[in-house]
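Remarks on the structure that follows.
None of the figures in this text is laboratory data; all of them are computed from the coordinates on show. None of the values given here were measured: they were computed from a predicted structure. With ideal geometry, Cβ positions are generated from the backbone for all residues, glycine too; neighbour counts draw on all protein chains shown.
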Amino acid sequence: MLKTRKPVRHGKTVVRKTPFMKYLKFWRLVKGRSQQDVADECGISQGHYCEIEKRGIKPRTPDLYGKLADALGRPKEELVAKLHGVDQAEMENHGASAK
């Protein structure tokens, strides 16, 4: 039987965990880092990082994608693929065929 989690409530807003949100939290915890650690390395506030990880808002600037990937020790392409719900291998194959 497939387990499903209840959506998270933030005030009156119901937030469903996306693969990107789970990805950020998973790799942050694997690296043994706090939200504050990651936020400091990225040059953003802990509150802004929390909004990205827990509420699923997109990073405000394109360079933040690279900073998040570096802070989590992951490739930027992988992080961007998760954000857009695309398989990284599919994204790379599409890029190679476009050349």
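Rounded to the nearest whole Hz, the Karplus-based 3J(HN,Hα) values (6.51 cos²θ - 1.76 cosθ + 1.60, θ = phi - 60°) of the stretch 79-84 follow the sequence 4, 5, 4, 5, 4, 9, with x at glycine and proline. A71 sits among other residues whose Cβ lies under 10 Å from its own Cβ, and their net charge, with Lys and Arg +1 and Asp and Glu -1, is +1. Taking 1.567 mPa s as the viscosity and 4 °C as the temperature, the Stokes-Einstein diffusion coefficient of the stretch 16-97 based on its alpha-carbon Kirkwood radius rounds to 101 µm²/s.
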